[in-house]
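The values are calculated or read from the model by the stated rules, or taken from the named source; none is laboratory data. Note that the structure is predicted; figures quoted are calculated from it, not measured. All Cβ positions, even for glycine, are placed from backbone atoms using ideal geometry, and neighbour counts span all protein chains on display.
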Amino acid sequence: MTKIYIDADACPVKAEAEKVATRHQIPCLFVCNGGLRPSPNPYVELVIVPDGPDVADMWIAERARVGDVVVTGDIPLAAKAVEAGARVIKHDGEAFTPANIGNALATRDLMYDLRAADPFRQGGGKPFSKADRSRFLDALERAVQGAKRDAL
């Protein structure tokens, strides 16, 4: 059965994921270290993992497989989920695939090195927009439909 795994600690699209899970009547697991309220939605399960670096990511990576969808902005988790055969999308709707995950990992490592070389370098991501939310909804819908086909 297809499941949606949400790396939920800093996920801005939990409500949208819940909506898609409900429409498809599939489980949606919000995995986090705590701080989220359980949803009354019968398709949503809150999974609280112990504190620690990457514990939620490891929990998801151990379970995601062909026929599942993973929502995360964490590139190493995305790489593990893609390798396991899951469909993976970021919060803005961008898909991680076998064709692009290597470049995403390389870019992440490069940016880490650049930030380490210049500790005064400031910045951050662009603000999350309504267009990002809309792209995510469309991408999640397509990912769920594809994952259901994959699971057959």
If you go through region 1-35, how many residues are surrounded by fewer than 16 Cβ atoms within 10 Å (Cβ to Cβ), in contact with a helix residue (DSSP H, G or I) (Cβ under 8 Å, 6 or more places away or on another chain) and of a type in the set (A, V, I, L, M)? 1
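From Ala78, Ala95, Ala104, Ala61, grab the single residue that is more than 25 Å from Leu36 (Cα to Cα), hydrophobic (A, V, I, L, M, F, W, C), surrounded by 13 or more Cβ atoms within 10 Å (Cβ to Cβ) and modelled with pLDDT of 85 or more.
Numbers: Ala78 fails: more than 25 Å from Leu36 (Cα to Cα); Ala104 fails: modelled with pLDDT of 85 or more; Ala61 fails: more than 25 Å from Leu36 (Cα to Cα).
Going through Ala78, Ala95, Ala104, Ala61 in turn, the sole match is Ala95.
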Tally up the residues in region 81-91 that are out of contact with any Pro (no Cβ under 9 Å at 6 or more places or on another chain) and modelled with pLDDT under 95, please. 1
Criterion violated by Met111 - all others in (1) assigned to a helix (DSSP H, G or I); (2) at pLDDT 90 or above; (3) among the hydrophobic types (A, V, I, L, M, F, W, C) satisfied: (2)
All but one of (1) surrounded by 15 or more Cβ atoms within 10 Å (Cβ to Cβ); (2) over 27 Å from Lys130 (Cβ atoms) hold for Arg87, so report the exception by its number. (2)
